[in-house]
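Everything below concerns the one structure shown next.
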Amino acid sequence: MIDWSRTALTIVVILGGVLTLAGMLIWVERRLLGIWQERYGPNRVGPGGLLQSLADMIKMFAKEDWIPPFADKVVFVLTPAIVVITALMSFAVVPITPGFVIADLNMGILFFLAMSSLAAYSVIIGGWASNSKFAFLGSLRAIAQLLSYEVFMGLSVMGAVLLAGSFNLSEIVEAQRHLWFVVPQFLGFLGFFMAGLAEAHRTPFDMPEAEAELVAGYHAEYSGMKFGMFFVGEYLSVILLSAMIVILFFGGWLGPWLPPVVWFFLKTSIFIVLIFLIRATWPRVRFDQLLSFGWKVVMPLALINLLVTGGVVLWKAG
Amino acid sequence: MEVLFYIAAAVTLVATVRVITHVHAVHALLYLVVALIALALIFYLLGAQFAAALEIIIYGGAIMVLFIFVVMLLGPLAVEQEKSWLTPGTWVGPSVLALVLLGEVGYLIAAGDHLPIDFMETREKGLSIALYGPYVIGVELASMLLLPGLIGAYHLGRRVSKESR
C-alpha cells in the first residue's frame with residue numbers, strides 16, 4: 001500500500017526545491033556569465049545579488065499581462081502552463097536517493113521521454129496561438145528541431161537501458177555501482193547531452209528563440225508572468241536534463257564518503273554549470289547544419305552504439 | 001481503479017466527439033491529443049504500461065505534432081466553410097449507424113453476459129518476448145511496410161541537380 005503522507009511530503013519537498021532552484025538558477029546563470037565575461041553580473045539586490053530572482057519575480061507579477069488581440073486566447077493562455085507542467089511531471093520519476101523519489105515507475109525512463117515529447121506542444125502551439133510572423137517562424141524551427149532530436153534522445157538512452165536491463169531509473173543507477181555508464185556508453189552520453197540541449201532549446205541549439213533573427217521566437221508575444229513561466233520552464237528543463245544525465249550515465253547518488261543526496265546535488269550542479277558554460281562560450285549553429293548534423297552524424301552513431309551494445313550484452317550473456 | 005477507468009473513458013469520449021464537431025481544425029487536433037493522453041491512461045490502468053508510454057511518445061508526441069505542423073502551414077483556417085459543411089443533415093447517416101452499435105452494446109449489458117474489467121499487468125519484458133517470439137512475423141511485416149515509406153520520402157526529398165533537369 002502506498003504511504004500517502006510520505007508521498008505527499010516527497011512531492012512538496014521536490015516541487016518546492018526544484019521550483020526554488022529554477023528561480024535561483026536565473027541569478028546563478030547571469031552571475032556566472034558575468035564572471036566568465038569579466039564583468040560583475042547582477043550584484044545589487046541582497047548579498048552578492050542573491051535576491052535578484054525575487055526582484056525579477058515581483059517585477060514580472062507587476063507587469064501588464066497583455067494578450068494580443070489577434071491571438072487565439074484560450075490556447076495562448078494555456079500554453080505557458082504546458083511548459084511548466086510537463087517539466088515538473090518528469091521530476092516525479094527522478095530518483096534522488098533510493099527512497100527519495102515520488103514514483104519509482106517500472107517504465108521511468110519512458111515516462112521521462114513521454115513528458116519531453118509532450119513538452120514540444122508548448123513551443124509549437126505557443127508560436128501558433130501568438131498569430132504573429134516571428135513567433136510562427138520560431139515554432140516552425142522548433143518543430144523540426146524537437147522532432148529530430150527526440151529520436152536520438154530515445155536511441156541514445158537505450159544503450160544504458162540495455163546494460164542495466166531495466167527501464168526503472170533506480171535500477172539503472174544501481175547497475176552502475178562498479179562502473180559508470182559514461183565509460184561503456186560514451187557515444188550514448190554525447191548523443192543524449194546534445195539531444196537534451198536541443199530539447200531544452202539551450203545554446204548552441206536555441207534557434208527557436210534566436211533574438212537576433214526572430215525577436216524572441218515562439219514566445220515573442222508573451223509578457224508578464226506568462227513569459228516568466230516560459231523562462232522558469234527553461235531552467236526546469238536544464239535541471240531535469242542535468243539530473244537525467246547524472247542518473248543515466250554518472251551513477252546518480254552513488255559515490256564514496258558523502259551521503260547520497262550530496263553526491264546527487266554535486267553531480268547535477270556540475271552539469272548545470274557546464275550547460276551555462278556552453279552558453280557563455282559557443283555561438284548558435286546554423287539551422288540547416290543543426291538538422292543535417294542530427295540526421296547524418298548523431299543518428300547513425302546512436303544506431304551503431306545501440307547495435308554494438310546489444311552485441312556485447314548478448315555475447316556476455318553467452 | 002474502476003472509477004479512474006470510467007473517468008478516463010469519459011474524457012476520451014468527450015474529447016473525441018469534440019474532435020469531430022469542432023469547426024476549428026487546430027483546436028480539434030488539440031482535443032485529439034487530449035483523447036490520446038486519456039487513452040494512454042486507460043492502457044496504464046488496464047496494466048499495459050508499455051503501451052501507455054508508447055501511446056504518448058509516438059502518437060501524442062510525434063504523429064500529432066506533425067499533424068498540427070501541417071495544419072498550421074495551411075494558413076488561415078476556413079472556419080466558416082467548416083461551419084457550412086457541418087449541417088444537421090450530415091449527422092443522419094453516422095447517427096443511425098452509431099445507434100445500431102449502441103443498441104448492440106445495450107443488449108449485451110442487459111443480457112449480463114460480459115466479463116468484468118480485467119486489470120492484468122503486462123511487463124515490457126513479457127511483451128518483448130511475445131513480439132520477437134511467436135509474433136515476429138508481424139514485426140517483420142510492419143518494418144517492411146515502413147521501409148517503402150522511408151525510401152519514398154527520401155526520393156521525394158532528394159536534391160535535383162541542374163544538369164538532370
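The values are calculated or read from the model by the stated rules, or taken from the named source; none is laboratory data. Because the structure is predicted, anything quoted here is derived from the model rather than measured. Don't worry about glycine lacking a Cβ; one is built from the backbone with ideal geometry, like all the others, and counts go over all protein chains shown.
Things to note:
- Residue within segment B:53-73 that is over 20 Å from A:THR79 (Cα atoms) and more than 11 Å from chain A (Cβ to nearest Cβ) present: no
- Test: residue in segment A:89-102 that is free of Cβ contacts under 8 Å to residues at least 12 places away in the same chain, small (Gly, Ala, Ser) and either under 19 Å from A:GLY224 (Cα atoms) or away from chain B (no Cβ under 12 Å) (or both): yes
- Some residue of segment B:40-59 being among the charged types (D, E, K, R), outside any loop (DSSP other than H, G, I, E, B) and touching a helix residue (DSSP H, G or I) at 6+ places or on another chain (Cβ under 6 Å): yes
- Selection from segment B:1-22 of residues that are of a type outside the set (Phe, Trp, Tyr) and under 15 Å from B:LEU46 (Cβ atoms): B:MET1, B:GLU2, B:VAL3, B:LEU4, B:ILE7, B:ALA8, B:ALA9, B:THR12
- Lone unmet requirement of (1) within 10 Å of chain A (Cβ to nearest Cβ); (2) modelled with pLDDT under 85; (3) under 30 Å from A:LYS73 (Cα atoms) for B:GLU82: (1)
- Members of segment A:113-162 that are of a type in the set (Phe, Trp, Tyr) and either facing chain B (nearest Cβ under 8 Å) or over 20 Å from A:GLY294 (Cβ atoms) (or both): A:TYR121, A:TRP128, A:PHE134, A:PHE136
- Selection count where residues are in contact with a helix residue (DSSP H, G or I) (Cβ under 7 Å, 6 or more places away or on another chain) and surrounded by fewer than 17 Cβ atoms within 10 Å (Cβ to Cβ), scope segment A:69-80: 0
- Matching entry among A:GLU211, A:GLU171, A:GLU221 (being among the acidic types (Asp, Glu), more than 22 Å from A:LEU147 (Cβ to Cβ) and at pLDDT 85 or above): A:GLU171
- Among residues of segment A:244-288, those that are of a type in the set (Gly, Ala, Ser) and over 27 Å from A:ASN168 (Cα atoms), counted: 1
- Residues that are in a loop (DSSP other than H, G, I, E, B) and either at pLDDT 80 or above or small (Gly, Ala, Ser) (or both) occur in segment A:185-197; there is at least one.
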